[in-house]
Structure formats: structure tokens, C-alpha cells
Amino acid sequence: MSRERDIVKNSLIFTIGRVSAQFAGFLLLPLYSSLLTPEDYGIADLINTLVFLILPIVGVQLDNALFRFTVDARKDTDKQRELFSTELVINLIQIAIYAAVFFAARPFITLGYKDFLLINVVLLIPVNTLEQFIRGLGNNIKYSAAIFITAVSGFVINLVLVAGLRMGVMGIIIGSAASQFLTLIYLIFAVRPWKYFRFRCFNRSSAKKLFSYSLPFVPNQLAWWVMGISDRLVISASLGVSANGIYSLANRFSSVYTSVSDSINLSWVESASLHINERDRDEYISKMLGQLFVLFSSACFIFMALIPYGFMLINAKYSDAFMQIPILLVAVLCQAVVGIYSSVLVALKKTRSIAITSIVAAIVNFAVDICLVGRIGIYAGSVSTLVAFLVLAILRCVLVSRSTGIRPRLLLLIPVVFWGGAVLFCYYFRNPYVNVVSLVFSLVLAVVLNRKMILKILEFVKGKIYNGKHEKRKTLIYGALKPYEGVSGMLFEKDLIGEDSIEDLLTYKDENWIYIKNLREYQKYLSVNKHPDWSDNECESIKYTIEDDSIRVKTQALPDNWLCFFINRPLPDSYEISYDISINTEFSEVQLAFNYKDLGNRYRFMVKDNKKALFEVVYEGDFLEAFAEVPFSFNLGQTYNVCVRVMGNIYEVLIHGQRVLAV
């Protein structure tokens, strides 16, 4: 599979998990907006904000280090055990220290629901470790399933507690903790940590490497916290918790977009890490940076054009959030661009540079926030976030350019800026007809600009559908087969051919036969149990001659050079076909088909590339893998007696009377 297809595959896997999480949260917005006041919603958001402030300080981002080093150890089970065991021992120590500090400080904490600051952090540390380990091993489906479980369980629990039992803020916080607990249970069974964890595998050298890689991520994560969360604290302190509730709801819209961009960047960081040392890395990275920038911009503008329709579900008391959303969407577009370049820096293991640039952006964010909150109110949060991510995107772009020699494709900015400006104008114009034009225009332009990526996605989806059907066909056909080692116990006394000449007995076809000439299209018909309404055509050729009872072939083994001879009469349930064959040139395959219904439904014995003899089935136009094979080759120029025997449901091929294969 190509590198680009890997990215498409993993992006789709990650997106299913992450978008489901955000979609579940998005579905809860009408519920929250109708049952919670902005103040209540602001308090719940504040608790989650503090949890994600404490988490990187306690966990020191070791899970990120575990992922990066596990990627390098995918083929080394001993190294995987060492890394996982080292990480888990450190996690246990981290949890113990945090719990001790929390209980010592608990009497002095006046915040309501404070115990959840302990419960959520203690749950999230092992959840993050197991998620990143399984992702590092390349089990992205299990990783995405964990995200999906968190989302679905959180949605159901919140629905019961908030809507059913009317528990308000407490319901939201309990739902968050309970969903993490259920995810942890799933991950324990998915990862099976007992297979990897050994106390004796704890390694101080590995611990140092993990800390060396992860520690710069702590200020980096705190800086991201400042950019993502400080707005809410500044707004809460300056304008009140109610204003923070409105701002937080606006962020929920942009977080849906972020879930998609983050999913793609998760796949991109894995690909960049796997291929960072390849000879063509600069060309590959440069191409992907451009494609991902256009893709993220397209998704942002389409989503922006859809927001007016989604916002109709939101309670009127949150109406001020509508004006914030486009600014936040452009901000998270810049954040997505940051992720594109950060993935390259992660692959290069330049975590210190990542941390420094994040700190600079955080300072910019906080400074703009403080300066503007008294002048433009809630808008200070969205504007400061946009400015900070724009600065960070520029800094990361410069870092990647210096580290790899890759230059950004600045010309891509021109059409993107005009496109974004047009969509923003339509959004703030607030006319339903103008919004429709904006949406249609964005969809068409997105398809045109991302056609190569879309084709790869369609190709991947088509491949997955084909593989699913292929596996079902294999199970259906090969499930009823097994190698046969008994004796045939049957003698054939009746000659089915009699005095018929070979010319009367056989029908010749080659690559000019309509079914071979249009084989791909023919396979599509067969895959849905249909048969094309084509007129059969005769084939004539100078590639062979018939001399008495022999067929002499006079052609080389070339690609798409077919010679097919069909016995043009019905055969009984049991029969034997034998003939002498002498091959004088290299060939790709010589086969004898039986149980023949048509070209797309048959059994066959075949000698492939003059290296092996095999038995395989063609079913509904699908060429199934060989069911059985053994090493075998013809000596060129030597005559061999080939015999294929069909005895009810027993099939065997013999050479000079010796069985080669039997099924």
C-alpha cells in the first residue's frame, strides 16, 4: 500500500472515532442549552478545563513518548515490553504522588465537585497510556474504537443523567468520568497489558529516553492549554461565568472541525515518523503539506457554510455565540496547519523546538486576551485564539523549512484567502439564499481542488468493500474444501472422446474473445450475479496449428497473450482428462480448468511461473488465492504426461502418474 493510501486509511479510521465523539457532544448541545443555564454550562466546562491543566503536569506527556518510540519498535517485541513496562511503572508512581498531594490539599480547595479533579486524572493517565501504546503498535482500529466508546458511553450517560434524572452539572461531570472508566475497561481487554508488562523489564535507560522526549511536551501542552483554555478563564473572571458558557458553546462547533483535522494529523504524524529517513522525504513531505493544507481549508469553509443550519437547534439565550464561530473556525484552521508542520517536527524528534514555539504563541494569546477583553468583550477570546494559532503556524513552518529544506507553497494562500473571505461574507450576511450559494460553491470548489485525495478515498473504500466480499467468497468456497490424501479408487473405462478429432472436440479462444477483452467489466457483472448481454465471437489465430492429434503452439509467452481451448461438450460428474505436454519457452501460467460454468466461475489446477503447482477457484469473477500449492516446475523441452481426475467432489492432478495435488 502506498504512503498516501496509508494516510487515507488511517485518517478514515481515526475520523470515525473522533468525529463520533464530537458528533455525540454536538447532539448534546440542544439538550444542554435547554436544560442548563449558561452559568451551569460554564461551571461544567471549567471543571474539564482544570482536569486538562493538571493532566500534563502529572503525566508529563509520557504517553506521547511511548507512541513515538513504539513506532520504532513495531518489529521488536522485547523492546515493546521494555517500553510499556517502564511507562506503566512510572504511571503508577505518578498516580500515587498525585493522589497524596491531592488529599493533602483537598481541605483548602473550595471549588465544587473537586473530587472529580482526582478521579478524572487518575482515569485519564492509564487510558492515555494504553491508547498511545496501541496506536504505536499500529492497531489504529482499536485506538479509534476506544475514542468511539468514550463518545457513545458519554452520550448515553449524559442523556440519562442530565435529561432523565435532571442532575445538571453533576450529571455532566459524572458522565465524563464514567465514560473514561468504560474506555479503560475496553482498553484492558483490547491491549491485554499482561502480555507486555513485566516488572523486570523496567529499564532506567528507556525511562530517561521517554522523559527526555516527553518533558518538552509539558510546557508545550501547558502552552496549548493557555491558548485553548485561558480565554475561558479570562472571560469568566472579567465578564462572568455566563459569558464563558456562551463562548464555550461557540467552541463546541469549532471542536467538531478540530476532531476531523486532528484525526488526519494523527495519521500524518504516524506516516511522517515512519518515512522520515527515506531518500525522497522532502519531496513526499512537501507534497503532503500542500495537499493537507488545501484539504483542511476546504473542510473549514464547507463547515462554516453549514453552521447557520446547525445553529437553528440552539436555544436563543446562546445566540451571541453565532458571531464567534467563524473567527474560531479560522483559528482552528490555523491550528490544523500547525498540526501539519508539528507532525514533521515530531517525526524529527524536535520536541524542544515544539515547546518553545508553543510558549511564544501562548504568551501572544494571553497578551491579546488581556488587552482586548475590556474593549470587545467575548470577541477577545476568539480573536486572541486566531492570532496565537496564526503566529504558531508561521513559526512551525519556519522551523520545518530550516530542518528539512522544504519551502511552503505560498501561492496556495491566494485562492484560499479569497475563498475564505467569500464564505465569511456570506455567513455574516445571514441570508438563507446566500448561504445556499456559499455552500454549493464551497462543495464544488472542494471537490475540484481535492479530487486526487477524494479519488484515493474512493479507491480505499472500494478496496475495503471488495476485500469484504472477497473474504466472504473465500469462506464460502474454501470452507467446504480440504486437502485430499486418500486413494481415488476409480477406473475409467469409457472413452468420452471416441473417434472425434481434436478440431471437433475443442473450441479456441484468445485475448480477442469479448469476455477476455473486457475482463474487468465482465468481472463487475459477475460480482453482482449478472451476466452481460454480449454476443459471443469466434477467434482465429496463427498462434497454433493442429497436426493429427496434437496441438502445436507457435508463440512466445507475452503479457496478455492468451490461448484457451474449451471442450465443447458436457462432461459427467466423474471423468479424467490426460494429455502430453512439452513446453519450450518460459511462461507465466499453464492451467486446466474444470467444474467450468463460465470464465468467471471455475476450478483450476495451474503451474505458475514454472515454480509451483496450485489449486485455486475463480468465483463470481473474483480470483481467490490459491487453496493449495506445492513446488513444481517443468523442464523446458521435456515431455510430461498430465492427468486431471474429477471424481465427484475429489479433484487431483497427476504428472507421469504421480499425484501432485489433490483436494
task: Mind listing the long-range amide H neighbours of LYS543? Cut-off is under 5 Å, sequence gap 5 or more, other chains count too, H placed in the peptide plane at 1.01 Å from N.
output: none
- request: Just check segment 524-575 against the gyration tensor rule for me: Cα atoms, a ≥ b ≥ c as the square roots of the eigenvalues, rounded for a/c under 1.5, and otherwise prolate or oblate depending on whether a/b exceeds b/c.
  value: oblate
task: For segment 223-286, take the alpha-carbon Rg, divide it by the Kirkwood Rh, and send me Rg/Rh.
output: 1.25
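Just reorder GLU547, GLU131 by solvent-accessible area, largest first, 1.4 Å probe, all chains present.
Numbers: GLU547 85, GLU131 15 Å².
I get GLU547, GLU131, largest accessible area first.
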- request: Starting from the Cα of HIS275, step 7 Å along the direction of its Cβ; do the same at LEU476; then give the gap between the two resulting points in nm.
  value: 3.6 nm
message: List the pairs from LYS208/LYS349; LYS349/LYS456; LYS474/LYS612 whose alpha-carbon separation is above 23 Å, in the order I gave them.
response: LYS349/LYS456
- prompt: Which value, in Å², gives the accessible area per residue of the chain when a 1.4 Å probe is used on the protein heavy atoms?
  reply: 49 Å²
task: Compare the Cα positions of VAL400, LEU50, PHE197 along the charge dipole of the chain (+1 at Cβ of Lys, Arg; -1 at Cβ of Asp, Glu; about the Cα centre) and return the one farthest towards the positive end.
output: LEU50
message: Can you give me the % of accessible surface on segment 330-430 that is carbon or sulfur? Probe 1.4 Å, all protein chains present, nothing else counted.
response: 74 percent
Cut-off under 5 Å, modelled amide H: who pairs with ASN203 long-range: THR86
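Fully extended, how many nm does the chain gain between PHE632 and ASN568 (0.36 nm per residue separation, minus their Cα-Cα distance)?
Values: separation 64, 0.36 × 64 = 23.04 nm, distance 2.96 nm.
Taking PHE632 through ASN568 to full extension adds about 20.1 nm, to one decimal.
DSSP loop chymotrypsin sites (Phe, Trp or Tyr not before Pro) in segment 539-598 with at most 10 other Cβ atoms within 10 Å of their Cβ, which ones?
Numbers: sites: TYR544, TRP562, PHE565, PHE566, TYR575, TYR579, PHE587, PHE594, TYR596; in loops: TRP562, PHE587.
Hits after loop and neighbour filter: nothing returned.
Given the -39500 (n - 2.57) contribution per DSSP H run of 4+ residues, what per-residue ellipticity at 222 nm results for the chain, rounded to the nearest 500 deg cm²/dmol?
Details: 21 runs with 409 residues, N = 663.
Helix-only estimate at 222 nm: -21000 deg cm²/dmol.
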message: Can you list residues from other chains, or at least 5 along the same chain, whose modelled amide H is less than 5 Å from the amide H of ALA628?
response: PHE615
field: Per DSSP, loop chymotrypsin sites (Phe, Trp or Tyr not before Pro) in segment 320-367 with at most 11 further Cβ within 10 Å
entry: none
query: Given labels modelled 7 Å from the Cα in the Cβ direction, how far is it in nm from ASP549 to LYS287?
result: 5.9 nm
message: What is the angle, in °, between the Cα long axis of helix 351-376 and the longest principal axis of the Cα atoms in the chain? Nearest 10 is fine, range 0 to 90.
response: 50 degrees
task: With N denoting the number of residues in segment 420-476, provide Rg(C-alpha) divided by 2.2 N^0.38 Å, to two decimal places.
output: 1.87
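About the Cα centre, and with charges only on the beta carbon of Lys, Arg (+1) and Asp, Glu (-1), how big is the dipole of the chain? Nearest 20 debye, please.
Numbers: 64 positive and 55 negative charges, 682 e Å.
Roughly 3280 debye, rounded to the nearest 20.
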statement: In whole Hz, the Karplus estimates of ³J(HN,Hα) for segment 546-554 (6.51, -1.76, 1.60; θ = phi - 60°; x where Gly or Pro) are 10, 10, 6, 9, 10, 10, 10, 8, 10
message: Quick one: 3J(HN,Hα) in Hz for segment 248-264, Karplus 6.51/-1.76/1.60 with θ = phi - 60°, rounded, Gly and Pro as x.
response: 5, 5, 4, 5, 5, 5, 5, 5, 5, 5, 4, 4, 6, 5, 5, 4, 5
query: HN-Hα J couplings of segment 603-618 from phi, Karplus 6.51/-1.76/1.60, θ = phi - 60°, integer Hz, Gly and Pro as x?
result: 9, 7, 9, 8, 9, 9, 6, 6, 10, 8, 9, 9, 10, 8, 10, 9
query: Tilt of helix 413-429 relative to the longest C-alpha principal axis of the chain, in degrees (0 to 90, nearest 10)?
result: 60 degrees
message: Along the Cα→Cβ direction, 7 angstrom out, place labels at GLN591 and TYR575. What is the inter-label distance in nm?
response: 1.9 nm
Of the chymotrypsin sites (Phe, Trp or Tyr not before Pro) in segment 611-649, those whose Cβ has at most 11 other Cβ within 10 Å and which sit in DSSP loop: none
- prompt: If you line up the long axis of helix 115-136 against the longest principal axis of the chain, both from Cα atoms, how many degrees apart are they, to the nearest 10?
  reply: 30 degrees
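Averaging over all projection directions, find the projected area of the Cα convex hull of the chain and quote it in nm² with one decimal place. Before the final figure, lay out each step's value.
Details: hull surface 155.3 nm².
In nm², the orientation-averaged hull projection of the chain is 38.8.
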message: Could you work out the relative contact order of segment 267-354? I mean the mean sequence separation of Cα pairs under 8 Å and 6+ apart, divided by the number of residues, in percent.
response: 58 percent
message: Give me the extension gain from ARG402 to PHE108: residue separation times 0.36 nm, minus the current Cα-Cα distance, reported in nm with one decimal.
response: 101.0 nm
Farthest toward positive dipole pole in the chain [+1 Lys/Arg, -1 Asp/Glu at C-beta], among PHE296, SER267, ALA223: ALA223
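The values are calculated or read from the model by the stated rules, or taken from the named source; none is laboratory data. Computed from a predicted model, the values in this text were never measured in an experiment. Glycine also receives a Cβ, built like all others from the backbone with ideal geometry; neighbour counts cover every protein chain displayed. Heads up: the accessible areas ignore ligands, DNA and RNA and are worked out on the full protein's heavy atoms, side chains in. Shrake-Rupley method; radii C 1.70, N 1.55, O 1.52, S 1.80 Å.
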